[in-house]
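Everything on this sheet refers to the single structure shown next.
The values are calculated or read from the model by the stated rules, or taken from the named source; none is laboratory data. As the structure is a prediction and not an experimental result, all values here were calculated from the model. Virtual Cβ from ideal backbone geometry, glycine too; neighbours counted across all protein chains shown. Each accessible area value is taken on the protein alone, full model and side chains, heavy atoms only, with ligands, DNA and RNA left out. Shrake-Rupley method; radii C 1.70, N 1.55, O 1.52, S 1.80 Å.
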Amino acid sequence: MKKILITLGEPAGIGPDLGVLLSEKHLDKSIIIIADPLLLEQSAKKIKKKIHLNVLDSINSDLISGKGCMNILPISLNTKNTPGKLNPKNASYVIKTIQLAAELCKQGFAGGMVTGPISKSVLNKGGFKISGHTEFLAEICDCKSVMMLMNKKMKIALHTTHVPLDDISKYITKRAIRETVLIVDHDMKVKFKIKRPKILITGINPHAGEDGMLGKHESMIIEPTVRKLKTEGILIDGPVPADTAFLKKNILKYDVILTMFHDQGLPVIKFDNFKTTVNITLGLPIIRVSVDHGTALDLAGTGKVDISSFVESIKVAKNISNA
């Protein structure tokens with residue numbers, strides 16, 4: 001079984017607690033956490049859990065498993081961490097954990113990485129101009145990436161991710177949409193083993209433009225792009241209005257629904273099943289899966305956190321990497 005690397009994200013959030021809670025029965029010899037060992041010891045003490053840390057010299061060191069056991073590839077915090085209190089001085093620590101995990105995956109030392117929640121605002125205050133994991137990993141891997149959330153019912157991909165609403169139309173171009181669709185189609189085939197993936201694409205305007213009355217992005221950009229992709233053998237339909245895209249018949253018929261922007265698709269899947277929904281970055285030469293929730297600063301250090309999304313993320317990463 002290939003190794004799976006875990007980064008816990010923002011140290012002041014629930015990431016460290018999630019790592020400790022996972023160690024009770026969800027970590028095995030294939031899983032390595034990249035973190036500061038002291039951070040995990042402090043978390044375990046605060047939430048009153050017993051852990052045994054196996055601090056590694058390298059990714060090739062001997063690994064252990066068992067209740068409370070954690071294999072740790074160490075990176076040190078820059079300054080003392082306080083649960084629930086963001087500190088920009090630890091921004092570079094968060095960045096280093098993500099970079100190391102990605103590089104080890106790129107070099108073939110691990111089959112995939114699972115990421116905990118980060119605080120984009122504190123990373124920016126710490127001097128790192130990134131808008132999220134998806135974009136940052138694309139930069140590391142020098143490629144275009146696509147965000148997709150999934151659970152057992154549906155897969156929803158996003159053409160744009162962390163983009164202000166006023167700027168979204170700038171990204172609605174024939175070339176950009178074509179790139180996104182080809183990435184989605186490719187990764188459905190390669191990572192999910194779907195031989196002929198069926199894709200449904202939404203419009204950007206209400207009622208998908210209503211024949212141009214409510215906007216011309218559909219008739220002038222999205223529709224011609226879809227027609228061209230169909231001639232190339234891509235099984236894609238649309239654009240359809242976003243308000244009817246998620247009807248049960250479409251969820252059952254299509255392998256993935258591609259939406260135009262962040263809040264067009266994600267509220268639907270999070271409402272459906274927030275606890276076991278996971279985030280996958282398509283387009284990367286590596287496998288990256290993530291929880292679909294945030295840092296939950298108010299719960300940090302309480303131990304009262306739901307690990308369902310993290311457990312599901314690990315399962316998905318394992319399934320894809322060993323497929």
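For region 38-49, enumerate the residues that are touching a helix residue (DSSP H, G or I) at 6+ places or on another chain (Cβ under 7 Å) and not β-branched (V, I, T).
L39, L40, S43, A44, K49
Scan region 83-125 residue by residue and report those that are part of a helix (DSSP H, G or I), open to solvent by 10 Å² or more (accessible area, probe 1.4 Å) and without any contact (Cβ under 8 Å) to a residue 40 or more places away in the chain.
P88, K89, S92, K96, E103, S121, N124, K125
Enumerate the strands (runs of 3 or more DSSP E) found wholly within region 219-323, keeping only those where 1 or more residues are at positive phi.
In region 219-323, the matching strands (runs of 3 or more DSSP E) lie at 235-240.
Condition first: open to solvent by less than 40 Å² (accessible area, probe 1.4 Å) and within 15 Å of the chain's Cα centre (by Cα). Now tell me which residues in region 264-282 satisfy that.
Selection gives G265, L266, I269, T277, V278, N279, I280, T281, L282.
Given A242, A157, which one is under 24 Å from I280 (Cβ atoms) and modelled with pLDDT under 95?
Going through A242, A157 in turn, the sole match is A242.
Name the single residue, out of those in region 283-323 being under 29 Å from M1 (Cα atoms) and of a type in the set (S, T, N, Q), that is surrounded by the fewest Cβ atoms within 10 Å (Cβ to Cβ).
N322
Does region 35-50 include one or more residues that are among the β-branched types (V, I, T) and not in a loop (DSSP other than H, G, I, E, B)?
Within region 35-50 (the criterion being among the β-branched types (V, I, T) and not in a loop (DSSP other than H, G, I, E, B)), the answer is no, since none of the residues qualifies.
Of the residues that sit in region 43-81 and are of a type in the set (K, R) and within 15 Å of L22 (Cβ to Cβ), which one is most open to solvent (accessible area, probe 1.4 Å)?
Here the answer is K50.
Considering region 144-193 alone, what residues qualify as being open to solvent by less than 40 Å² (accessible area, probe 1.4 Å), over 16 Å from the mean Cα position of the chain (by Cα) and closer than 21 Å to A317 by Cα?
D185
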